[in-house]
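Coordinate-derived values only; no laboratory data. Just so we're clear, the structure is a prediction, and the values are computed from it rather than from any experiment. Counting neighbours? That spans all protein chains shown, and the Cβs are built from the backbone with ideal geometry, glycine included.
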Amino acid sequence: MISASPASADLFRVLADPTRRAVLERLAGGEMTVSDIKAGFSVSQPAISQHLAALRAAGLVSERRAGKFAYYRAKPEALDPLIDWIDRYRAFWPSRIEKLKDLVERTQP
């Protein structure tokens, strides 16, 4: 059985939250401040900051400080462990399905 690595398990946990996924999607369009990000949501600025902290801890977002502002940017390369996990399952399932087809064909009258 194929299992998720600790890195991909953390990514699954962080990305399980729909607001975090939405924040990450917004940041895919380019660098933004918390205020810019918050403009698209009905949650508070502190809530957005907490979501950004979780995304940053998982390595999905980087932060750049300039004066009193913090700018956030998505780090798409941080999704590589998930892509690797998905690729392993792409290889895993077709062979399992073929074995199941063979078994069904052998057991049918």
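Seen from Lys75, the other residues with C-beta closer than 11 Å to its C-beta sum to a net charge of -1, counting Lys and Arg as +1 and Asp and Glu as -1. Our analysis of the chain gives Rg over Rh at 1.22, with the two radii drawn from alpha carbon positions and Rh computed by the Kirkwood formula.
Positive-end ranking of Thr107, Met32, Gly59 along the dipole of the chain, with charges on Cβ about the Cα centre, is headed by Met32. For the chain, a crude dipole built from +1 on the beta carbon of Lys and Arg and -1 on the beta carbon of Asp and Glu, taken about the Cα centre, is about 240 debye to the nearest 20.
One chain, two ends: Asp102 and Arg65. Fully extended at 0.36 nm per residue, the span grows by 7.4 nm beyond their Cα-Cα distance.
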